[in-house]
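Trainee: Sharing a structure below in structure tokens format, with a few things to ask.
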Amino acid sequence: MNKNNPTIFLGLVAITGMLLTGCSTGPGSSAASVGTPVAGGDLKIARSSDAISMDSTSASFENYSIEVYQNIGESLFTVTDDGKSVKPWLASGYTESSDHLTYTIPLRKGVKFSNGQLVTAKDVKFSIDQDTKTADTGWGFINAAIDKVTVVDDATVAVSLKYPWAPILADLSLFSNAIIPDNYGGKTPAQFFDAPVGTGPFIWGEWKKGQYLKLVKNPDYWQKGKPLLNSVTYTVVPDSNTRKLQLQGGQTDIDNTPDWASFASLKSSPGVKVFAFPSTQIDYVAINQHRAPFSDIHIRRAIAYAIDRKALVKAVLFGNGSPANSLIPPGTPFYDKNAPGPTYDVAKAKAELAMSSRPNGFSTSILIRAGDANQGSVAQIMQAELKAIGITMEIKQLDPTAAKKASLTSEFDMNLSAWTMDIPDPDEWTTFATDPTSGNNSAFTFYNNPAVNALNKKAQQETDPAKREVIYKELQKTTGDDAFFTYLYYSPYAFATSDKVGGYHVSPLLTFHLENVYKTK
Amino acid sequence: MLHRLSFIPGRLLRAVPVVLGVTIVVFLMVHLLPGDPAVAILGDKGTPQRIAALREQLGLNQPLWLQYFSFLGRLLHGDLGNSLVNQRPVSEVLFQAMPVTLALLLFALVMAMLISIPLAGIAATRPNGARDLGVRIFTLLGQGMPQFWVGIMLILLVSVNLRLFPVGGYGLADSDHLYYLFLPALTLAISMSPTIIRSLRASTIASLGSDYVATARSKGSGGSGLFIHHVLRNAAIPTISVIGVNLGYLVGGSIVIERVFAIPGLGSLMLTAIFARDFTTIQSVALFIALFVIVVGILTDVIYTLLDPRVNFSSKERA
């Protein structure tokens, strides 16, 4: 089966659902264009935290580091702008064997690393193998289905799988599978990641930890005429008010995490544009089924029916988002916008509670992160809503790291949580959330529905997108009925930029493609 | 003169157990907090298996006392260890953040003096007069306004509206730093000066009423000469200790200010390290702050000794 298309659609799901999320806010969710692209300039991006490490094989390779690294290192495939599929990037296409176990991937011709070396199959094999080795401590778990990578010739690799695995191209698009020179270009890993080399539009500049990180233009980038900017400087501005003021004062070009409370005022600020890009974020309440009385499905449903999600969107996101109806977030392939997840209905909530093992109500608690204003608001609203049906909920605040620990060890009754996707395939999340054997007891809830497990396994091995859609539709319905999570809302990604910035777009998987961004005078 | 400063070596020696105590307390406190770097690093996508593997890799499975002694052992060799989060030497980030905070504190101190000395002088010359009342209102306001609020207001007024100073940051070039530090230093100075003004005002009033000032006046002294050489020099002595104590507090206050103004100093470093449970970095920053407070204490006594010939810590220590 030859699929040498420029764009590989992993799903046939309509994107309407995704567009519902967030597009209504902000002037646009597509790439912002301002006048004519102008070459040159330094793009200043104010972020709340600094990067930790550029070592793509380490556990410290987290969001702030990844955001920087993706401008330096590129993978064989990349996520499309809508986040629903992948397209060849350093690959020029791919061929899938009839048993779905081998993917032969020719490389794009003439692509060079920023050190001048030509990208070869040996580099690709080395890069993916290095990532796979870090299954326990890095991102290598994403390559679990890969048996081996073989060099076919200088410009072709073959990726063999242990079993048919539909998300493989999505996995290969992950940042940790970015292509780097074979054997780290003769350097030690530590030396290499101090100033990483890749094929991306920008090359490593300078890093003053805690202050700024600068990338400079790769003059030999394989996309001719790009990047347009001379450099990108990431600065660390922890306080959201200060970031906002820096943007308003013209000291920075992009505030990459404005809070929702100031989103509206930024929108009306002269010289500032705000964006609510569709995301893959779902906010939900994880319910620990090893704690009484949550193994009772009626109790879980009662909670799910008692929550007014529209009120949460209004109070917490200031209207910038949508109520959640499914486990799979809208920016992800196979999201079913008609999934019948529980909606706000106090009568139904009371009826479910009456059918449960605790018809007269009970006391429980919810774990939230101290200092997180959004979580505080959600918990308070939930507290009042659950009180109305006879459930007394105590709010337990822990500092973020302590809360993570409590979450990872399932030391909670209910836990206010959120998830965002890393690859354009629902499997990463459905496996994490529902598979009790994936190492985290179904997102620490001990949820175990054999029917859902079977559906999830089937979807992993089914390579026909149309059939996968049917399977995932069924999975979304069953998990909604089980109310193992209380889905709350889908929130878009908030960004604010100066109106002199053009071409800025963020995909639902937080890919940036800064090679397309430009500044005007 | 020098013999009066001979208390310094003894003071430094006595600082050793204090510093050791600080390392033990900080070490135990950070380990008492739930969560560790492995949890903080892997976040919500961690699994118990991945966390266990990372803990092993970071050496967090060793007994606590062993971790402490290996920290102490390295410290004696001048090695602060590697950050648990990014595996880079802690000294690298510490020595990068340290001058930033020191510059901020020094700048704030100079500004606080520039604000306090004239205001205290104005207030003390006519106690309970209109000018004194004005100064007292300023001190009340200065003490009552929270630092972060003052900071945000200054940013709004001076940076966003008037565009005179940058909205936070430290500047990319070396020549920019003083310009970037002006507003944060002013914020710290505004919160620090009321205490200095009050102390200086009270001691100036006492000094103005003293016999030696009357004598100086009778000998024809007056104006700024009298104020600087006779009044201020004597009035400053109690204020020096007030400043010394306040500088210690100011290090704590700088955590808030560094956050509001996005300054990459020790406060920001400490805060980031605490959230990431980066034990080695937390310990090193705490150790440095403890050393700083001790050194400021000694410096206060040195200045005290130099200003007032009657003070002799050396003889007191020998007694």
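Trainee: Can you report the number of residues in the stretch A:121-149 which are buried (at least 19 other Cβ atoms within 10 Å of the Cβ), at pLDDT 95 or above and acidic (D, E)?
Mentor: Counting residues in the stretch A:121-149 that are buried (at least 19 other Cβ atoms within 10 Å of the Cβ), at pLDDT 95 or above and acidic (D, E) gives 1.
Trainee: Same structure again: Under the condition of being free of Cβ contacts under 8 Å to residues at least 12 places away in the same chain and under 22 Å from A:I45 (Cα atoms), which residue from the stretch A:208-224 is surrounded by the most Cβ atoms within 10 Å (Cβ to Cβ)?
Mentor: First pass over the stretch A:208-224, keeping only residues free of Cβ contacts under 8 Å to residues at least 12 places away in the same chain: A:208, A:219, A:224.
Keeping just the survivors that are under 22 Å from A:I45 (Cα atoms) gives A:208, A:219.
Numbers: A:K208: 16, A:P219: 8.
Across the stretch A:208-224, the extreme among qualifying residues is A:K208.
Trainee: Next up: So the check is Cβ under 6 Å with 6+ separation or different chains; which pairs have a first residue in the stretch A:448-470 that's farther than 17 Å from A:G480 by Cβ and touching a residue at least 12 places away in the same chain (Cβ under 8 Å) and a second one that's surrounded by 15 or more Cβ atoms within 10 Å (Cβ to Cβ) and acidic (D, E)?
Mentor: Here the result reads A:Q460/A:D427; A:R468/A:E462, each pair linking the stretch A:448-470 to a residue that is surrounded by 15 or more Cβ atoms within 10 Å (Cβ to Cβ) and acidic (D, E).
Trainee: Just give me the residues in the stretch B:157-166 being within 7 Å of chain A (Cβ to nearest Cβ) and either more than 25 Å from A:G210 (Cβ to Cβ) or free of Cβ contacts under 8 Å to residues at least 24 places away in the same chain (or both), in sequence order.
Mentor: Within the stretch B:157-166, B:V160, B:R163, B:P166 qualify.
Trainee: Being among the basic types (K, R) and over 27 Å from the mean Cα position of the chain (by Cα) is the filter; apply it to the stretch A:80-112 and report the residue that is nearest to A:E515 (Cα to Cα). Reasoning before the result, please.
Mentor: Going residue by residue through the stretch A:80-112, those that are among the basic types (K, R) are A:84, A:87, A:108-109, A:112.
Next cut, over 27 Å from the mean Cα position of the chain (by Cα) only: A:109, A:112.
Working: A:K109: 19, A:K112: 16 Å.
Taking the candidates together, the pick is A:K112.
Trainee: Consider B:S254 carefully, then state whether it is within 25 Å of B:I24 (Cα to Cα) and out of contact with any Pro (no Cβ under 7 Å at 6 or more places or on another chain).
Mentor: Values: within 25 Å of B:I24 (Cα to Cα): yes; out of contact with any Pro (no Cβ under 7 Å at 6 or more places or on another chain): yes.
So B:S254 passes the test.
Trainee: So which pairs qualify, if the first residue must be in the stretch B:198-214 and free of Cβ contacts under 8 Å to residues at least 24 places away in the same chain, the second must be among the small types (G, A, S), the Cβ gap must be under 7 Å, and the two must be at least 6 apart or on different chains?
Mentor: Between residues of the stretch B:198-214 that are free of Cβ contacts under 8 Å to residues at least 24 places away in the same chain and residues that are among the small types (G, A, S), the close pairs are B:V213/B:S207.
Trainee: Kindly evaluate B:L109 against the criterion of being more than 14 Å from chain A (Cβ to nearest Cβ), in a helix (DSSP H, G or I) and modelled with pLDDT of 90 or more.
Mentor: So B:L109 passes the test.
Trainee: Please count how many residues of the stretch A:220-244 are assigned to a strand (DSSP E or B) and either among the aliphatic types (A, V, I, L, M) or more than 17 Å from A:W207 (Cα to Cα) (or both). Write out each step before concluding.
Mentor: If we filter the stretch A:220-244 for residues that are assigned to a strand (DSSP E or B), which is where we start, we get A:231-236.
Within this subset, residues satisfying the condition of being either among the aliphatic types (A, V, I, L, M) or more than 17 Å from A:W207 (Cα to Cα) (or both) are A:232, A:236.
Counting residues in the stretch A:220-244 that are assigned to a strand (DSSP E or B) and either among the aliphatic types (A, V, I, L, M) or more than 17 Å from A:W207 (Cα to Cα) (or both) gives 2.
Trainee: Every residue in the stretch B:27-38 that is within 16 Å of A:T409 (Cβ to Cβ) and either surrounded by fewer than 15 Cβ atoms within 10 Å (Cβ to Cβ) or free of Cβ contacts under 8 Å to residues at least 24 places away in the same chain (or both), please.
Mentor: B:P34, B:A38, listed by residue number.
Trainee: Given the stretch B:146-228, what helices (runs of 4 or more DSSP H) lie entirely inside it while holding 3 or more residues that are under 22 Å from B:G265 (Cβ atoms)?
Mentor: Values: elements: B:147-154, B:177-208, B:211-218, B:223-226.
Answer list for the stretch B:146-228: B:147-154, B:177-208.
Trainee: Still on this structure, I have one more. Would a scan of the stretch A:376-396 turn up a residue that is over 25 Å from A:S279 (Cβ atoms) and within 13 Å of chain B (Cβ to nearest Cβ)?
Mentor: The answer is yes; a qualifying residue exists.
Trainee: Sticking with this one: Report yes if B:A173 is modelled with pLDDT under 90 and farther than 30 Å from A:K44 by Cα, otherwise no. Quick ask: steps written out before the conclusion?
Mentor: On the way: modelled with pLDDT under 90: yes; farther than 30 Å from A:K44 by Cα: no.
Criteria not met by B:A173.
Trainee: Could you check, for the stretch A:486-499, whether at least one of its residues is within 30 Å of A:G225 (Cβ to Cβ) and either of a type in the set (K, R) or in a loop (DSSP other than H, G, I, E, B) (or both)?
Mentor: Narrowing the stretch A:486-499 to residues within 30 Å of A:G225 (Cβ to Cβ): A:493, A:495-499.
From what's left, either of a type in the set (K, R) or in a loop (DSSP other than H, G, I, E, B) (or both): A:499.
So far as the stretch A:486-499 goes, yes, one or more of its residues are within 30 Å of A:G225 (Cβ to Cβ) and either of a type in the set (K, R) or in a loop (DSSP other than H, G, I, E, B) (or both).
Trainee: Of all residues being of a type in the set (F, W, Y) and in contact (Cβ under 8 Å) with a residue 24 or more places away in the chain in the stretch B:246-299, which is surrounded by the most Cβ atoms within 10 Å (Cβ to Cβ)? Just the residue, please. Quick ask: steps written out before the conclusion?
Mentor: Initial filter on the stretch B:246-299 (of a type in the set (F, W, Y)): B:249, B:261, B:275, B:279, B:288, B:292.
The next check asks that each one be in contact (Cβ under 8 Å) with a residue 24 or more places away in the chain; those that pass are B:261, B:275, B:279, B:288, B:292.
Numbers: B:F261: 31, B:F275: 15, B:F279: 25, B:F288: 20, B:F292: 18.
Within the stretch B:246-299, the match that is surrounded by the most Cβ atoms within 10 Å (Cβ to Cβ) is B:F261.
Trainee: Hey, another quick one. For the stretch B:68-100, what are the residues that are under 25 Å from the mean Cα position of the chain (by Cα), surrounded by fewer than 17 Cβ atoms within 10 Å (Cβ to Cβ) and at positive phi?
Mentor: Residue satisfying the conditions is B:G78 alone.
Trainee: Name the residue, out of A:S262, A:S269, that is more than 9 Å from chain B (Cβ to nearest Cβ) and in a loop (DSSP other than H, G, I, E, B). It would help to see each step written out before you state the result.
Mentor: Numbers: A:S262 fails: in a loop (DSSP other than H, G, I, E, B).
Matching residue, one of A:S262, A:S269: A:S269.
Trainee: Sticking with this structure for a sec: Across the stretch A:225-236, which residue is farthest from the other protein chains (Cβ to nearest Cβ) among those that are crowded, with 22+ Cβ neighbours inside 10 Å and among the β-branched types (V, I, T)?
Mentor: The qualifying residue farthest from the other protein chains (Cβ to nearest Cβ) is A:V232.
Trainee: Next up: Restricting the first residue to the stretch B:39-61 and requiring it to be within 20 Å of A:N441 (Cβ to Cβ) and within 7 Å of chain A (Cβ to nearest Cβ), which pairs with a second residue that is assigned to a helix (DSSP H, G or I) and of a type in the set (K, R) meet a Cβ separation below 7 Å and a spacing of at least six or different chains?
Mentor: What qualifies is B:V39/A:K404; B:V39/A:K405; B:L42/B:R50; B:G43/A:K404; B:D44/A:K404.
Trainee: I would also like to ask the following. Have a look at A:L327, A:L386 and point out the one that is assigned to a loop (DSSP other than H, G, I, E, B), on the phi < 0 side of the Ramachandran plot, modelled with pLDDT of 95 or more and surrounded by 21 or more Cβ atoms within 10 Å (Cβ to Cβ).
Mentor: Matching residue, one of A:L327, A:L386: A:L327.
Trainee: Does the stretch A:483-503 contain at least one residue that is closer than 18 Å to A:R309 by Cα and over 21 Å from the mean Cα position of the chain (by Cα)? Outline the logic, then answer.
Mentor: At the first step, the residues of the stretch A:483-503 found to be closer than 18 Å to A:R309 by Cα are A:483-492.
After this cut, where a residue has to be over 21 Å from the mean Cα position of the chain (by Cα) as well, the list is A:483-484.
Checked against the condition, which is being closer than 18 Å to A:R309 by Cα and over 21 Å from the mean Cα position of the chain (by Cα), the stretch A:483-503 yields at least one hit.
Trainee: In this structure, does A:N415 turn out to be out of contact with any Ser or Thr (no Cβ under 9 Å at 6 or more places or on another chain) and either modelled with pLDDT of 90 or more or in a strand (DSSP E or B) (or both)? Write out each step before concluding.
Mentor: Values: out of contact with any Ser or Thr (no Cβ under 9 Å at 6 or more places or on another chain): no; either modelled with pLDDT of 90 or more or in a strand (DSSP E or B) (or both): yes.
Answer is no for this residue.
Trainee: So A:G185 clears everything in (1) within 14 Å of another protein chain (Cβ to nearest Cβ); (2) more than 24 Å from the chain's Cα centre (by Cα) except one condition, right? Which one?
Mentor: Going through the list (1) within 14 Å of another protein chain (Cβ to nearest Cβ); (2) more than 24 Å from the chain's Cα centre (by Cα), A:G185 breaks only (1).
Trainee: Kindly evaluate A:G439 against the criterion of being surrounded by fewer than 21 Cβ atoms within 10 Å (Cβ to Cβ), free of Cβ contacts under 8 Å to residues at least 12 places away in the same chain, part of a loop (DSSP other than H, G, I, E, B) and within 13 Å of chain B (Cβ to nearest Cβ). Walk me through how you get there before you give the answer.
Mentor: On the way: surrounded by fewer than 21 Cβ atoms within 10 Å (Cβ to Cβ): yes; free of Cβ contacts under 8 Å to residues at least 12 places away in the same chain: yes; part of a loop (DSSP other than H, G, I, E, B): yes; within 13 Å of chain B (Cβ to nearest Cβ): yes.
Considered against the rule, which asks whether it is surrounded by fewer than 21 Cβ atoms within 10 Å (Cβ to Cβ), free of Cβ contacts under 8 Å to residues at least 12 places away in the same chain, part of a loop (DSSP other than H, G, I, E, B) and within 13 Å of chain B (Cβ to nearest Cβ), A:G439 comes out as yes.
Trainee: A follow-up question, please. What number of residues within the stretch A:49-64 satisfy the criterion of being facing chain B (nearest Cβ under 10 Å), touching a residue at least 12 places away in the same chain (Cβ under 8 Å) and surrounded by fewer than 23 Cβ atoms within 10 Å (Cβ to Cβ)?
Mentor: Applying the first criterion (facing chain B (nearest Cβ under 10 Å)) to the stretch A:49-64 yields A:49-55, A:58-63.
If we keep only those that are touching a residue at least 12 places away in the same chain (Cβ under 8 Å) too, we end up with A:49-55, A:58-59, A:61, A:63.
With surrounded by fewer than 23 Cβ atoms within 10 Å (Cβ to Cβ) added as a condition, the list becomes A:49, A:51, A:53, A:55, A:63.
Summing the residues that are facing chain B (nearest Cβ under 10 Å), touching a residue at least 12 places away in the same chain (Cβ under 8 Å) and surrounded by fewer than 23 Cβ atoms within 10 Å (Cβ to Cβ) in the stretch A:49-64 gives 5.
Trainee: Between residues in the stretch A:399-421 that are within 15 Å of A:R291 (Cβ to Cβ) and facing chain B (nearest Cβ under 10 Å) and residues that are charged (D, E, K, R) and surrounded by fewer than 24 Cβ atoms within 10 Å (Cβ to Cβ), which pairs lie under 7 Å by C-beta distance while being six or more apart or on different chains?
Mentor: A:S407/B:D44
Trainee: Quick check on the stretch B:269-284. Is at least one of its residues within 26 Å of B:D36 (Cα to Cα), aromatic (F, W, Y) and touching a helix residue (DSSP H, G or I) at 6+ places or on another chain (Cβ under 7 Å)?
Mentor: Just the residues of the stretch B:269-284 that are within 26 Å of B:D36 (Cα to Cα), to begin with: B:269-284.
If we keep only those that are aromatic (F, W, Y) too, we end up with B:275, B:279.
After this cut, where a residue has to be touching a helix residue (DSSP H, G or I) at 6+ places or on another chain (Cβ under 7 Å) as well, the list is B:275, B:279.
Within the stretch B:269-284 (the criterion being within 26 Å of B:D36 (Cα to Cα), aromatic (F, W, Y) and touching a helix residue (DSSP H, G or I) at 6+ places or on another chain (Cβ under 7 Å)), the answer is yes, since at least one residue qualifies.
Trainee: Let me ask something additional. Spot the failing condition for A:W204; the list is (1) in a strand (DSSP E or B); (2) among the aromatic types (F, W, Y); (3) within 14 Å of chain B (Cβ to nearest Cβ), and only one is missed.
Mentor: It fails just one condition, (3).
Trainee: Can you find a residue that is more than 29 Å from A:W139 (Cβ to Cβ), of a type outside the set (A, V, I, L, M, F, W, C) and not in a helix (DSSP H, G or I) anywhere in the stretch B:79-93?
Mentor: Checked the stretch B:79-93: at least one residue is more than 29 Å from A:W139 (Cβ to Cβ), of a type outside the set (A, V, I, L, M, F, W, C) and not in a helix (DSSP H, G or I).
The values are calculated or read from the model by the stated rules, or taken from the named source; none is laboratory data. Note that the structure is a prediction, hence the values are computed from the model and not measured. All Cβ positions, glycine included, derive from the backbone under ideal geometry; neighbour counts span all protein chains shown.
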